[in-house]
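Presented below is the structure to which this report refers.
The values are calculated or read from the model by the stated rules, or taken from the named source; none is laboratory data. Just so you know, these numbers come straight off a predicted model, no measurement behind them. All Cβ positions, even for glycine, are placed from backbone atoms using ideal geometry, and neighbour counts span all protein chains on display.
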Amino acid sequence: MLYIGIDLGTSAVKLLLVDGAGKILKCVSRGYPIAFPRSGWAEQNPEDWLRETIAGILELTDGCDKAQIAGIGAGGQMHGLVALDKDDNVLRPAILWNDGRAAEETDYLNNAVGRETLSRLTGNIAFAGFTAPKLLWLERNEPALFGRVDKIMLPKDYINYKLTGVHCTDYSDASGTLLLDVEHRRWSREMLDICAVREEWLPRLFESFAAVGTLTPAMAGALGLSPGVKVAAGAGDNAAAAVGTGTVGSGRCNISVGTSGTVFISRGTFGPDKNNALHAFAHADGRFHLMGCMLSAASCNKWWMEDILRSAQYGSEQAPVTRDRLGCSHVYFLPYLMGERSPHNDPAARGALIGLSMDSTRADITQAVLEGVAFGLRDMLEAARAPDLRIERSKICGGGARSPLWKEIIANVLNLELECVETEEGPSYGGAILAAVACGEYRSVQEAAEKLVKVASIVKPDADIAARYDARYQVYRDIYPALKPLGKRL
């Protein structure tokens, strides 16, 4: 049988056609716009996602035996607020995961409601990107529109809703709303009351690998597929990427260098971070995970290359950064172009270049951008360190992981072995695996991941370079606290 895996990303939707043995038969990507109405705001039109997903499925399945397609599974950008009225109309552009407008609402939740209360109810504290602060912002700033809300969904759940007619979500994605009691896998009535949310607005909860339904007759007709095609609940993009890299079970790590950057650590049991620097979420394999998220990762390099240098020659720009330069530059970059989440939880944080001198070169800044993201990843790894949690190696995925130089920098900054998997499609491949499990091709997510995910190569740290980067990291970690008072003034 064949399976469609979807990655509903921030800049594009990527779709894979995968057979039961995990072989990728075809890949399609279709972009859509993102709007930044104000500094620190980020929005998208859910109808753009739907239009390009449908077009992508048609392109993906063109020429194949459509009768062989058994299931669809999606990973999607997390936290985005999609609000519909009673007639199924989108009420406003979706407020995205990297939107920082709800800073005041986040402070209210963390300080007035209280971090201890939030952690007790959900396992997490509030971050501006989470869905609950956005709902409070909507109630306070667009009350007439808030009064028309009939359904609340996350981005990939809007697609699933349109495919099946089922108002659904999965536990991994729901964990990032701050409305879920993560440990007990149920909506928190206390948090719904705090955020003035009616439970009937919220989707039904499923495990990521469960089938939520089948294609509606109308959608099946539009796609040219059987109405019996099953749709899996899917997962948040990071949980789906973890499935796609085999980061399931307990004590495994995956680093994603996409638009955002994440450190994802799978756990067999629920265990929130005592310092609340990391998120304690449900995993797509039915267990749990800890995750740190930096809001700008590969997007920092894209900004530097395309917006500042006006260049698309990523390899050429990185070529002067030779191995002997690693850990030796005196230029530092803070990657907070959209504020920051883990571990600082500061929407007002901004990017910075520090240490420039008359002899600083274009290559120095290119190197600093790559290193700044790597240092941000280390910040999250340091927050995760605990006596019962030893991380010595990690899988790596995302667009940034296609750069050999960047992988070498990350391996040495983190002093970890990085395992590169054969299939680097992350969330879309994880979505296809979840679809295969939902259709009974495999008995569990772990069984599927163990059979399908293969390590292609390993990047090992060099002791001397890692030591140089360790010294530089001690300087890097002092820069943000020194600049923090300027954040809101800027």
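Residue count for the range 1-53 under the criterion of being surrounded by 15 or more Cβ atoms within 10 Å (Cβ to Cβ), more than 30 Å from Glu450 (Cβ to Cβ) and of a type in the set (Gly, Ala, Ser): the result is 3. Condition check for Thr259 on (1) within 23 Å of Leu121 (Cα to Cα); (2) part of a loop (DSSP other than H, G, I, E, B); (3) polar (S, T, N, Q); (4) touching a residue at least 60 places away in the same chain (Cβ under 8 Å): one failure, at (1). Do we find that Val182 is closer than 15 Å to Ala74 by Cβ and either of a type outside the set (Lys, Arg) or not assigned by TED's automatic domain parsing to the domain that holds Thr131 (or both) in this structure? For Val182, the condition - closer than 15 Å to Ala74 by Cβ and either of a type outside the set (Lys, Arg) or not assigned by TED's automatic domain parsing to the domain that holds Thr131 (or both) - is not met. Of all the residues in the range 42-66, those that are closer than 22 Å to Ala432 by Cβ and in contact with a strand residue (DSSP E or B) (Cβ under 7 Å, 6 or more places away or on another chain) number 10. Residues that are within 26 Å of Glu450 (Cβ to Cβ) and assigned to a loop (DSSP other than H, G, I, E, B) within the range 380-390 comprise Asp388, Arg390, listed in sequence order. Residues that are in contact with a Leu (Cβ under 9 Å, 6 or more places away or on another chain), closer than 21 Å to Ile479 by Cβ and surrounded by fewer than 21 Cβ atoms within 10 Å (Cβ to Cβ) do occur in the range 284-303, at least one of them.
Taking the listed residues Gly251, Gly286, Gly228, the one that is assigned by TED's automatic domain parsing to the domain that holds Leu96 and part of a loop (DSSP other than H, G, I, E, B) is Gly228, with no other qualifying.
With Ala280, Ala284, Ala241, Ala196 as the choices, which residue is more than 30 Å from Leu60 (Cβ to Cβ), under 15 Å from the mean Cα position of the chain (by Cα) and not β-branched (Val, Ile, Thr)?
Only one candidate qualifies: Ala280.
Checked against (1) of a type in the set (A, V, I, L, M, F, W, C); (2) out of contact with any Cys (no Cβ under 7 Å at 6 or more places or on another chain); (3) not assigned by TED's automatic domain parsing to the domain that holds Ile69, Ile265 passes all but a single condition, namely (2).
Among the residues that make up the range 134-142, is at least one of them in a loop (DSSP other than H, G, I, E, B) and either surrounded by fewer than 24 Cβ atoms within 10 Å (Cβ to Cβ) or in contact with a strand residue (DSSP E or B) (Cβ under 6 Å, 6 or more places away or on another chain) (or both)? Within the range 134-142 (the criterion being in a loop (DSSP other than H, G, I, E, B) and either surrounded by fewer than 24 Cβ atoms within 10 Å (Cβ to Cβ) or in contact with a strand residue (DSSP E or B) (Cβ under 6 Å, 6 or more places away or on another chain) (or both)), the answer is yes, since at least one residue qualifies. Determine whether the range 351-363 contains at least one residue that is in contact (Cβ under 8 Å) with a residue 12 or more places away in the chain, assigned to a helix (DSSP H, G or I) and in contact with a strand residue (DSSP E or B) (Cβ under 7 Å, 6 or more places away or on another chain). Scanning the range 351-363 turns up no residue that is in contact (Cβ under 8 Å) with a residue 12 or more places away in the chain, assigned to a helix (DSSP H, G or I) and in contact with a strand residue (DSSP E or B) (Cβ under 7 Å, 6 or more places away or on another chain). Any residue in the range 32-39 that is aliphatic (A, V, I, L, M), under 22 Å from the mean Cα position of the chain (by Cα) and in the same structural domain as Ala436 (by TED's automatic domain parsing)? Scanning the range 32-39 turns up at least one residue that is aliphatic (A, V, I, L, M), under 22 Å from the mean Cα position of the chain (by Cα) and in the same structural domain as Ala436 (by TED's automatic domain parsing). The condition (being small (Gly, Ala, Ser) and within 18 Å of Gly426 (Cβ to Cβ)) is satisfied by just one residue among Gly228, Gly251, Gly268, Gly246: Gly246. Taken over the range 304-320, the criterion of being more than 15 Å from Ile409 (Cβ to Cβ) and either under 24 Å from the mean Cα position of the chain (by Cα) or in a loop (DSSP other than H, G, I, E, B) (or both) is satisfied by Met305, Glu306, Asp307, Leu309, Arg310, Ser311, Ala312, Gln313. For the range 121-136, residues that are out of contact with any Asp or Glu (no Cβ under 9 Å at 6 or more places or on another chain) and basic (Lys, Arg) total 0. Of these, Ala436, Ala352, Ala401, which one is modelled with pLDDT of 95 or more, closer than 23 Å to Val243 by Cβ and not β-branched (Val, Ile, Thr)? Of the residues listed, the single one that is modelled with pLDDT of 95 or more, closer than 23 Å to Val243 by Cβ and not β-branched (Val, Ile, Thr) is Ala436.
Here is a check on your reading of the model: is Ser342 assigned by TED's automatic domain parsing to the domain that holds Val413, modelled with pLDDT under 95 and more than 30 Å from Thr117 (Cβ to Cβ)? Criteria not met by Ser342.
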